[in-house]
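The values are calculated or read from the model by the stated rules, or taken from the named source; none is laboratory data. The shown structure was predicted, so the numbers you read here are calculated from the model rather than taken from an experiment. No Cβ is skipped: glycine too gets one built from the backbone with ideal geometry, and neighbour counts run over all protein chains shown.
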């Protein structure tokens, strides 16, 4: 029995497991493997290369420090850009994938990218709508309050944090935009008064 102090029973033999579980141990003997004929040396695979041809990079590409070279093929749909790109490049250049700092910097880069996208959205003709796009309105009619309490939900512990995560960036961006606007307005009015 797992998660108890009792000693588990003896391990079943390979024959017992094979009889009980269809296909168990198919990869133990090479002749029993489904892909065995393809694994034989000298079989024609149709590949005309030992290593695929290297895709040409249009600019510097990020790769983990533990790799000597770029993978032969890589994605180009979302090139790194701006401050977020600089943070992500630093993560790839300085830290191995086995280090926490590597992943934390990549997460920070994603958060920076998300915040700048939200800020850009405010200045577009169709800004994001945090109320409808966050899924908050999806709980209407599904007992949003009573479904949370008395049911042992794990997310109850961080429920207070959810509005901050959803609306916090919008409030912060709005406050920043107002502060910048007021600063520009003061500067312009100060120049006008000085010239008159």
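Miscellaneous remarks
- Residue 188 being exposed (fewer than 11 other Cβ atoms within 10 Å of the Cβ) and either in a helix (DSSP H, G or I) or at pLDDT below 80 (or both): yes
Here is a yes/no grid of residues against (1) out of contact with any strand residue (DSSP E or B) (no Cβ under 9 Å at 6 or more places or on another chain); (2) more than 25 Å from residue 172 (Cβ to Cβ); (3) without any contact (Cβ under 8 Å) to a residue 12 or more places away in the chain; (4) not in a loop (DSSP other than H, G, I, E, B):
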| residue | (1), (2), (3), (4) |
| --- | --- |
| 45 | yes, yes, yes, no |
| 54 | yes, yes, no, no |
| 57 | yes, yes, no, no |
| 84 | yes, no, no, yes |
| 88 | yes, no, no, yes |
| 132 | yes, no, yes, yes |
| 141 | yes, yes, yes, no |
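- Yes/no for residue 89 being modelled with pLDDT of 85 or more, surrounded by 12 or more Cβ atoms within 10 Å (Cβ to Cβ) and under 15 Å from residue 167 (Cα atoms): no
- With respect to being closer than 30 Å to residue 104 by Cβ, loosely packed, with under 10 Cβ neighbours inside 10 Å and at pLDDT 85 or above, residue 75 fits the description.
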